[in-house]
Amino acid sequence: MTEPLPPLLRACAGLPGEPGTLSGRVPVWFMRQAGRSLPEYRALRGEGTILDAIANVELACELTLQPVRRYGVDAAILYSDIVVPAAAIGFGVDVAPGTGPVVEHPFRSAADLQRLRPLEADLDTPYVVDTVRALVAELPDEVPLIGFAGAPFTVASYLVEGRPTRTWLRTKALMHGDEALWHQLMDRLADLAIASLRSQIDAGARAVQLFDSWAGALNPQDYARFVLPHSRKVFDAVARPGLPLIHFGVDTGELLGLMASAGATVMGVDWRVPLDEARRRVPDGVALQGNLDPAVCAAPWEAVAAAVRDVLRRNAGHPGHVFNLGHGVLPELDPEVLARVVELVHAEGRADGT
Ligand code: CP3
């Protein structure tokens, strides 16, 4: 007898499952499930930059596993960060606690392209490969490990701005002001994402997510011209039969169809677009991931439960649904509430297609 697909992989493939069995479960995991909302994370993480924690294989494994144990989620996501490849080739990027990625010398001109050499994952990020291998050995078959990378646009926005931004002013000035240089930058960042994702897949990651968190800052015409070809290159380069390719960004309601056309097999949806509407915006056969508003999880339980049920109701038993938040877990959230969300999705979610 062949092993049934784990719920995550079944849902990503859009296959129906039998109600009341593991195979019919609506899988659930949370973006940023590892992190400061967990007391055990705060106890173990220690001071210092997250890049050091990521480079510590034993620690990175444990931090990846903490939310799997605590929440009973249907996937693990590698404890890492989207700036790891750029940092590993020496671009000079760090992650400041409470702020996010900061760059000492931001990308300003063609001369800066030389600071973006290709990533040799085995040599530059051996700890990522080792962490993936160790996790795959440890995790049960029904809890696949998701690998990930930052999409070229979102990583570019950090390298160009030098820190998190609300306006993307320098990024947009570069893409519109020097289109040739923009595409060269994006091409190098696509290569970084490809090398990193391939190394994670080769080491045993069973699904990958491309985080284009800030793509929603763009209108559809700029997204199509300045971003889509590069994200498509990433998906084309890493696609393998049976490997879910998840694509996610915030505030991307107007971009869902375009982002799916980059080659995603699963589209992440933030909380602003109801799931039934999101389904109309992506081609048939593309699964959806989302989309509970993370901030609603701070409300009393009955309100949280109503919001969870609304997401499930809008999905209406469609087999291609991976339950998630519309963006990452907020540090203020109570882990008990998230554990109850998982229980509720497992108890009431349907993936039978009726
Ligand atoms: O649990 C997981 O999801 C796994 C690991 C993960 C981290 N970063 C660890 C992390 C993942 C998938 C990411 C991706 C990431 N990093 C994204 C895309 C996802 C998204 O939120 O849209 C982005 C934009 C980044 C860049 C980044 N790194 C930001 C904006 C921050 C927050 C700064 C802060 O301290 O609030 C980080 C830091 C970071 N990356 C933390 C974690 C757990 C915060 C806590 C810490 O430093 O220990």
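The values are calculated or read from the model by the stated rules, or taken from the named source; none is laboratory data. Just so you know, these numbers come straight off a predicted model, no measurement behind them. Note: ideal-geometry Cβ built from the backbone for every residue, glycine included; neighbour counts use all protein chains shown.
Applying a threshold of 7 Å to beta carbon distances and a minimum spacing of six or more residues, or different chains, the list of pairs starting in segment 340-352 at a residue that is free of Cβ contacts under 8 Å to residues at least 24 places away in the same chain and ending at one that is in a helix (DSSP H, G or I) and surrounded by fewer than 18 Cβ atoms within 10 Å (Cβ to Cβ) is empty.
A count restricted to segment 17-49 and to residues that are charged (D, E, K, R) and more than 19 Å from residue 68 (Cα to Cα) stands at 2. Residues considered: 304, 286, 238, 282. Of these, the only one that is buried (at least 17 other Cβ atoms within 10 Å of the Cβ), more than 30 Å from residue 196 (Cβ to Cβ) and away from the ligand (no atom under 16 Å from the Cβ) is 304. Among the residues of segment 153-187, just one is small (Gly, Ala, Ser) and either assigned to a loop (DSSP other than H, G, I, E, B) or at pLDDT below 95 (or both), namely 162. Remark: pairs (first residue in segment 244-267, over 18 Å from residue 229 (Cβ atoms); second residue part of a loop (DSSP other than H, G, I, E, B) and polar (S, T, N, Q); Cβ separation under 7 Å; 6+ apart in sequence or on different chains) = 244/265; 250/213.
Is at least one residue of segment 106-120 surrounded by 15 or more Cβ atoms within 10 Å (Cβ to Cβ), in contact with a Phe, Trp or Tyr (Cβ under 7 Å, 6 or more places away or on another chain) and part of a loop (DSSP other than H, G, I, E, B)? For segment 106-120, residues surrounded by 15 or more Cβ atoms within 10 Å (Cβ to Cβ), in contact with a Phe, Trp or Tyr (Cβ under 7 Å, 6 or more places away or on another chain) and part of a loop (DSSP other than H, G, I, E, B): present. Being part of a loop (DSSP other than H, G, I, E, B) and in contact (Cβ under 8 Å) with a residue 40 or more places away in the chain is a property that does not hold for residue 197.
Taking the numbered list (1) within 21 Å of residue 31 (Cα to Cα); (2) crowded, with 24+ Cβ neighbours inside 10 Å in turn, residue 142 passes all entries but (2). Residues in segment 241-254 that are among the hydrophobic types (A, V, I, L, M, F, W, C), in a loop (DSSP other than H, G, I, E, B) and either within 15 Å of the ligand (Cβ to nearest atom) or closer than 17 Å to residue 190 by Cα (or both): 250 alone.
Among residues belonging to segment 30-87 that are of a type in the set (Asp, Glu) and part of a loop (DSSP other than H, G, I, E, B), point out the one that is surrounded by the fewest Cβ atoms within 10 Å (Cβ to Cβ). Going through the qualifying residues, I end up with 47. Residues in segment 67-83 that are near the ligand (Cβ under 9 Å from one of its atoms) and either at pLDDT below 95 or of a type outside the set (Gly, Ala, Ser) (or both): 67, 77, 78, 79, 81, 82, 83. Does any residue of segment 102-124 turn out to be in contact (Cβ under 8 Å) with a residue 60 or more places away in the chain, out of contact with any helix residue (DSSP H, G or I) (no Cβ under 6 Å at 6 or more places or on another chain) and within 11 Å of the ligand (Cβ to nearest atom)? Checked segment 102-124: at least one residue is in contact (Cβ under 8 Å) with a residue 60 or more places away in the chain, out of contact with any helix residue (DSSP H, G or I) (no Cβ under 6 Å at 6 or more places or on another chain) and within 11 Å of the ligand (Cβ to nearest atom). Of all residues in segment 88-98, those satisfying the criterion of being assigned to a loop (DSSP other than H, G, I, E, B) and within 10 Å of the ligand (Cβ to nearest atom) are 97, 98. Residues in segment 310-340 that are surrounded by fewer than 23 Cβ atoms within 10 Å (Cβ to Cβ) and not in a loop (DSSP other than H, G, I, E, B): 310, 312, 313, 314, 335, 336, 337, 339, 340.
Among the residues of segment 257-309, those identified as assigned to a loop (DSSP other than H, G, I, E, B) and either among the aliphatic types (A, V, I, L, M) or modelled with pLDDT under 95 (or both) are 262, 264, 269, 273, 282, 286, 299. Identify all residues within segment 55-66 that are more than 12 Å from the ligand (Cβ to nearest atom) and within 18 Å of the chain's Cα centre (by Cα); write none if there are none. The answer is 61, and nothing else.
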